[in-house]
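The values are calculated or read from the model by the stated rules, or taken from the named source; none is laboratory data. Values in this document were obtained by computation on a predicted structure and should not be read as measured data. Here the Cβ positions follow ideal geometry from the backbone for every residue, glycine too, while neighbour counts run over all protein chains shown. These area figures cover heavy atoms from the full protein model, side chains too; ligands, DNA and RNA do not enter into them. Shrake-Rupley method; radii C 1.70, N 1.55, O 1.52, S 1.80 Å.
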Number of protein chains: 2
Amino acid sequence: MPITTGLKDRETQLIDRLAQKIPSIGHAGNRAGVRLGIGDDATVLRPSVKSEWVLSCDFTLENVHFRDATHPPASVGYRCLARATSDIAAMGARPRYFLLALALPPSKTGKWLDLFASGMSRAAREFDMRLIGGDISRTASVAISITVLGEMPDGLAIPRSGAKPGHLIYVTGIVGAAQLGLEILLRGLAAKPSLKKCLQSHLYPQIPIALGQLLALRRIPSSMMDISDGLSTDLARLCVSSGVGARIFSNKLPKIPIPAALAGQNLDPLQLALHGGEDYGLLFTAAPKSARLLRSLARRTETRITHIGEITRTRKVLLVHPDGRESPLPSQGWDPFRKDSNRISTHEKKALTGLPQ
Amino acid sequence: MPITTGLKDRETQLIDRLAQKIPSIGHAGNRAGVRLGIGDDATVLRPSVKSEWVLSCDFTLENVHFRDATHPPASVGYRCLARATSDIAAMGARPRYFLLALALPPSKTGKWLDLFASGMSRAAREFDMRLIGGDISRTASVAISITVLGEMPDGLAIPRSGAKPGHLIYVTGIVGAAQLGLEILLRGLAAKPSLKKCLQSHLYPQIPIALGQLLALRRIPSSMMDISDGLSTDLARLCVSSGVGARIFSNKLPKIPIPAALAGQNLDPLQLALHGGEDYGLLFTAAPKSARLLRSLARRTETRITHIGEITRTRKVLLVHPDGRESPLPSQGWDPFRKDSNRISTHEKKALTGLPQ
């Protein structure tokens with residue numbers, strides 16, 4: 001049915017523009033799971049039998065998760081969807097749909113919004129997801145809330161709570177790579193050509209979606225979560241959920257090498273690996289007998305999987321140093337309500353990176 | 001399983017506190033639709049056969065949708081859930097679950113948060129909803145994003161797009177009552193005892209959930225939506241979606257009487273009814289033959305339902321004055337991106353209420 005545009009208010013016009021640019025499902029729905037898509041009070045989903053829905057929502061806020069001066073709008077659009085989708089991958093589910101609630105200042109409704117949409121569109125295509133609804137508002141600084149929906153076979157979702165003493169601890173990818181990218185941005189070094197590629201892990205994080213699904217289908221992990229706030233903080237959460245402790249071996253951590261151009265910047269690969277946030281890799285535990293199968297899955301999905309430690313009965317998180325000495329590993333990743341923890345705005349005060357306090 | 005708290009970070013502690021205060025479903029899930037609730041990367045839902053899921057998300061932002069100085073925290077908590085739930089009621093669905101993404105300054109993590117949670121808890125009990133997940137962040141001014149999930153029988157959801165020429169237009173409740181409450185707050189008159197009860201429609205809006213479900217079950221409405229941004233703006237959206245026009249009779253609108261204490265404040269019941277926002281009543285269309293059934297449903301649910309106009313073939317929205325004269329009805333409700341439209345922060349400049357410009 002042809003629709004006049006004369007009656008359309010500005011808000012509706014902006015929603016139409018986003019829906020045109022981002023892979024999405026319109027009002028008429030599709031034949032699979034969506035009966036009614038964008039453009040109504042709500043979205044209507046028709047779930048298939050034998051599958052479960054996995055849901056999560058996640059904020060991305062200006063001056064907390066990104067800065068206008070340092071973060072290209074395409075990265076903001078890509079990253080907010082990646083951050084939310086990471087939670088779906090961490091359950092072992094297949095990401096399907098997302099809702100976008102977007103609050104913007106009027107100055108960002110032109111070119112900024114188009115670039116934001118192009119980044120979000122890239123993420124939606126990479127993750128094979130469709131926009132199915134949302135909300136748009138005006139505000140002084142950008143606020144984005146993404147709600148993601150994934151689907152998975154009945155009963156296969158992997159919670160954080162199943163780790164058992166004796167199980168091995170694994171991470172995917174390199175830990176600390178995204179934090180290194182953020183440090184380069186915040187120190188104003190992003191223009192150096194030799195450092196450009198180090199920014200990618202922070203600006204456009206890769207989400208191990210295929211591996212997450214395979215791990216769940218094979219029922220390998222006893223517990224799993226994504227590393228969003230830093231290994232030290234997220235591992236403590238997994239241990240609390242499972243009622244266990246952990247020992248991590250510092251020399252086993254897959255650390256990020258510091259480029260020569262950053263010599264003198266006082267960046268320590270071990271500190272980045274332990275406390276740096278937003279890698280969005282998987283942190284999981286598995287019985288020792290799964291080690292061989294894990295090596296084969298790593299090859300098949302071209303994902304690096306590293307054994308970094310083991311689950312213990314005593315409810316402490318310990319770091320084992322190369323000389324065999326053990327020390328408590330405090331949660332020094334990102335915790336928005338800890339006094340010294342503010343990923344972006346009080347960056348200069350942060351102990352993590354060894355900058356002068 | 002007993003869980004130690006020593007390892008718990010501040011963010012996890014805040015989530016625990018909210019989950020204790022607000023009706024919610026914890027990590028273990030329940031026997032009905034939730035396999036895994038609060039406390040993991042994501043929530044896992046097990047949908048029942050023959051039902052559809054209805055989803056919507058909605059922002060509530062400080063200085064846009066509420067002001068710290070004028071809005072009690074309990075109202076902020078109640079209203080943000082009511083606003084989002086209204087979209088579910090407008091499809092004719094039964095609201096079931098919600099996700100809460102909350103960004104707060106550290107100064108609001110104490111008493112403010114407890115009062116916020118008590119208001120949200122009141123709304124969750126009234127609407128029979130459960131909190132099943134979310135996200136908490138730190139920010140300079142409060143941002144809340146609510147994702148709501150409703151459930152309804154297969155194929156009964158009522159979209160905005162089915163209005164046909166000749167169908168009658170109805171609204172529930174009184175239009176403009178919430179805007180009157182907001183005007184009292186913004187003009188600093190909330191302390192006057194005779195005006196206290198006028199604030200309720202704005203601070204604690206009632207959502208016609210039962211009526212919405214009955215209308216859908218009986219398949220009465222050809223189109224339906226909630227009035228969130230004002231009748232003039234929302235009716236235009238319904239017309240665009242349906243490819244039709246409308247005529248509204250000014251003397252049929254269920255207007256709010258202006259209390260004597262507001263004489264001289266230049267408040268016009270007709271302007272409030274046409275353009276005032278956030279009543280969260282239902283706006284729907286139905287074939288003329290349904291009129292009798294509607295009267296019986298109104299009695300049964302103790303909800304006021306008023307016939308206010310009719311759908312036309314010509315794609316214009318017209319206001320019919322008491323003398324029979326017709327004039328175009330411009331969309332002058334809340335549109336966040338129209339220059340003169342800012343519900344709260346540029347209130348003084350607003351033409352709507354007749355204040356000096």
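Worth pointing out:
- When restricted to residues that are open to solvent by 30 Å² or more (accessible area, probe 1.4 Å) and in a helix (DSSP H, G or I), region B:70-86 contains 0.
- Residue count for region B:45-62, restricted to those that are more than 7 Å from chain A (Cβ to nearest Cβ) and more than 14 Å from the chain's Cα centre (by Cα): 4
The rows are residues; the columns are (1) touching a His at 6+ places or on another chain (Cβ under 6 Å); (2) open to solvent by 10 Å² or more (accessible area, probe 1.4 Å); (3) free of Cβ contacts under 8 Å to residues at least 24 places away in the same chain; (4) part of a helix (DSSP H, G or I).
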{"position": "B:Arg96", "(1), (2), (3), (4)": "no, yes, no, no"}
{"position": "B:Leu99", "(1), (2), (3), (4)": "no, no, no, no"}
{"position": "B:Asp114", "(1), (2), (3), (4)": "no, yes, no, yes"}
{"position": "B:Ser121", "(1), (2), (3), (4)": "no, no, no, yes"}
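- Checking each residue in region B:162-181 for being surrounded by 22 or more Cβ atoms within 10 Å (Cβ to Cβ), on the phi < 0 side of the Ramachandran plot and within 22 Å of the chain's Cα centre (by Cα) picks out B:Ala163, B:Ile169, B:Tyr170, B:Val171, B:Thr172, B:Val175, B:Ala177, B:Ala178, B:Gln179, B:Leu180, B:Gly181.
- Condition met for A:Ala89 (open to solvent by less than 10 Å² (accessible area, probe 1.4 Å), closer than 24 Å to A:Leu217 by Cα, more than 10 Å from chain B (Cβ to nearest Cβ) and at pLDDT 95 or above): no
- Which listed residue is in contact with a Pro (Cβ under 9 Å, 6 or more places away or on another chain) and either in contact (Cβ under 8 Å) with a residue 60 or more places away in the chain or open to solvent by less than 50 Å² (accessible area, probe 1.4 Å) (or both), from B:Leu211, B:Leu215: B:Leu215
- Among (1) part of a helix (DSSP H, G or I); (2) closer than 25 Å to B:Ile207 by Cα, the one test that B:Asp335 misses: (1)
- Filtering B:Leu7, B:Leu99, B:Leu18 for residues that are facing chain A (nearest Cβ under 7 Å) and at pLDDT 85 or above leaves a single hit, B:Leu99.
- In the set B:Arg35, B:Arg46, only one residue is free of Cβ contacts under 8 Å to residues at least 12 places away in the same chain, touching a Lys or Arg at 6+ places or on another chain (Cβ under 7 Å) and closer than 16 Å to A:Lys50 by Cα; that residue is B:Arg35.
- Residues in region A:286-301 that are surrounded by 13 or more Cβ atoms within 10 Å (Cβ to Cβ) and not small (Gly, Ala, Ser): A:Leu293, A:Leu294, A:Leu297, A:Thr301.
- Candidate set: region B:327-350, residues that are modelled with pLDDT under 80, in contact with a helix residue (DSSP H, G or I) (Cβ under 9 Å, 6 or more places away or on another chain) and open to solvent by 50 Å² or more (accessible area, probe 1.4 Å); chosen: the one farthest from the other protein chains (Cβ to nearest Cβ): B:Glu348
- Hits in region A:123-134 - residues which are open to solvent by 30 Å² or more (accessible area, probe 1.4 Å) and either facing another protein chain (nearest Cβ under 8 Å) or part of a strand (DSSP E or B) (or both): A:Arg130, A:Gly134
- Test: residue in region B:6-15 that is in contact (Cβ under 8 Å) with a residue 24 or more places away in the chain, open to solvent by 50 Å² or more (accessible area, probe 1.4 Å), under 21 Å from A:Pro159 (Cα atoms) and in a helix (DSSP H, G or I): yes
- Selection status of A:Ile184, open to solvent by less than 10 Å² (accessible area, probe 1.4 Å), more than 24 Å from B:Ile38 (Cβ to Cβ) and at pLDDT below 95: no
- Being open to solvent by less than 50 Å² (accessible area, probe 1.4 Å) and within 14 Å of chain B (Cβ to nearest Cβ) is a property that holds for A:Leu283.
- Output for region A:101-112, where each listed residue is in a strand (DSSP E or B) and surrounded by fewer than 19 Cβ atoms within 10 Å (Cβ to Cβ): none
- Number of the condition not met by B:Gly245 [criteria: (1) open to solvent by less than 10 Å² (accessible area, probe 1.4 Å); (2) within 27 Å of B:Leu186 (Cβ to Cβ)]: (2)
- Flag: B:Leu195 matches the condition of being surrounded by fewer than 24 Cβ atoms within 10 Å (Cβ to Cβ) and more than 16 Å from the chain's Cα centre (by Cα).
- Within region A:135-145, being open to solvent by 10 Å² or more (accessible area, probe 1.4 Å) and out of contact with any Phe, Trp or Tyr (no Cβ under 7 Å at 6 or more places or on another chain) holds for A:Thr139, A:Ala140, A:Ser141.
- Helices (runs of 4 or more DSSP H) contained in region A:147-233 and holding at least 1 residues of a type in the set (Ser, Thr, Tyr) and either out of contact with any Asp or Glu (no Cβ under 8 Å at 6 or more places or on another chain) or away from chain B (no Cβ under 13 Å) (or both): A:200-203
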